[in-house]
Amino acid sequence: MHFKVRAAAKEDCKDISRMIMELAVYENMPDQVKTSHEDLERDGFSPNPFYECLIAEVPDEHKTKDGYTVVGYALYFYTYSTWKGRSVYMEDLYVMPDFRGKGIGTGLMAKVAQVGFMFHCMADPNWNSSIYLPCSLVGVEKQCVRLQLSVLDWNKPSLDFYIAKGAEDLTAKEGWHFLRFHGQTLDTLAKEAPKD
Amino acid sequence: MDRFKLRKAEPKDVPDILRLIKELAKYEDMEDQVILTEKDLLEDGFGDHPFYHCIVAEVPSEKQSNNGPVVIGFAMYYFTYDPWIGKLLYLEDFFVMEEYRGFGIGSEILKLLSHTAVKTRCSSMHFIVAEGNQASIEFYKRRGAADLSLEEGWRLFKIDKSSLLKMSSGPEE
């Protein structure tokens, strides 16, 4: 099946919002989704965006029964490792169930990897910015980005997908756990902060 | 230890920040993994587009023993995005030198970070901790942190350079 991966535009936020909910349903946590497509528009398409997004779309003749041609997305942002520097974190990767097994997930992830390389290299003043194709990077001695992501431990299809691409489970290997301060616990701490 | 100050890091703090990054890595038994340099930290934190923000904790020089450094703790953070709840503050590194622990400095840093998160419209503050680091896990849990890996089953993965190269030079669609 032919498909295209491209950078999301503001107009795609309704589709992205729809798919975010589909992914949350898949992860058994739909009641945790609080963002609207307006939030996504504000947070991703302002002068200082907090994320970037790629979408996968199919030609009209392959649209879903509800008429959608946007069938997958990858949402990512740039992070910073005090050990290695700039990195890319892929927050969400999702392909609608009827469109899996056709290379779309792989295509989305490959583009995130490409974006990571280009971003890192374009930020280096010694790098010739006219060289666009990431395949030109092969053989160049550069510190390339590392991609990080997280997966739920019961999500075997996704675990298999990522491990086949070379992903290493750092929770198993090095014991890393995700922690958070959220809602009331965050507010309580914030109220006790030293005054400016 | 009644007098310490928290402030935003400045370019001049970069050597101290790198020193503390290495001390934290050593505490986590991963000292050889730090390949970042002072030049990287300077460009990445204090250039046109900062990739991180940093708070440092300092003590007045007369309080030091053995003419040690003035900067004795730091926290490095940046903003990330959760498609379910929006903007987050991500705490990348957080460290107070051993001899300055137990005086409330870490607590005050955490409160300042939380205040920053709330002020900048973040729903949550996220971070990772190694499960062997019981002292830190207790520190965070006492203050209300939830372990999402235990509670919801999230596992952290990485994909390194060679695998990324293979993926990014794959066939075009």
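Values quoted throughout were computed directly from the atomic coordinates according to the rules given, and no laboratory measurement underlies them. Because the structure is predicted, anything quoted here is derived from the model rather than measured. So basically every Cβ, Gly included, is an ideal-geometry build from the backbone, and we count neighbours across all protein chains shown.
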Worksheet entry | Lys/Arg +1, Asp/Glu -1 at C-beta; region B:5-169 dipole; positive extreme among B:Thr116, B:Ala135, B:Leu150 | B:Thr116
Discussion item. I'd like the antiparallel share, as a percent to the nearest 5, of DSSP beta bridges with both residues in the protein assembly as shown.
Written reply: 90 percent
Response to the item:
Taking every residue of A:32-39, the Cβ atoms of other protein chains inside 10 Å of its Cβ average out to 3
Worksheet entry | Furthest towards positive pole of dipole, B:Ser162, A:Ser46, B:Met97, structure part the protein assembly as shown, Cβ charges | A:Ser46
Worksheet entry | Shielding of A:82-93 by partner chains, average beta-carbon count, 10 Å | 6
Worksheet entry | For A:15-24, mean number of other protein chain Cβ atoms within 10 Å | 1
Worksheet item: Under a plain spin-label model, where a point goes 7 Å from the Cα along Cα-to-Cβ, how far apart in nm are A:Met29 and A:Glu61?
Response: 4.0 nm
Response to the item:
By the mean-Cβ-within-10 Å protection proxy, highest first, B:151-159, A:63-71, A:88-96 rank as A:88-96, B:151-159, A:63-71
Worksheet item: How big is the charge dipole of region B:5-169 about its Cα centre, in debye rounded to the nearest 20, if each Lys and Arg gets +1 on its Cβ and each Asp and Glu gets -1 on its Cβ?
Response: 520 debye
Discussion item. Just to check I understand the Karplus step: with θ = phi - 60° and J = 6.51 cos²θ - 1.76 cosθ + 1.60, what whole-Hz values come out for region B:27-34, glycine and proline as x?
Written reply: 4, 8, 6, 9, 4, 6, 8, 7
Worksheet, complete the sentence: In whole angstrom, the spacing between the Cα centers of region B:114-139 and region A:60-100 equals 26 Å
Worksheet entry | nm² value of the averaged projected area, convex hull over the Cα atoms of the protein assembly as shown | 19.3 nm²
Worksheet item: Any idea what the dipole of the protein assembly as shown comes to, in debye rounded to 20, about its Cα centre with Lys/Arg Cβ at +1 and Asp/Glu Cβ at -1?
Response: 260 debye
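Of the peptides B:91-100, B:40-49, how do they stack up when ordered by the mean number of other Cβ atoms within 10 Å, highest first?
Most protected by this proxy first, the peptides run B:91-100, B:40-49.
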Discussion item. If you split all Cα-Cα distances of chain B into 5 Å bins from zero, what percentages do you get per bin, shortest first?
Written reply: 1, 7, 14, 18, 19, 18, 12, 6, 3, 2, 1, 0, 0
Worksheet item: Quick one: if you stick a label point 7 Å off each Cα along the C-beta vector at B:Lys39 and B:Tyr27, how many nm between them?
Response: 2.9 nm
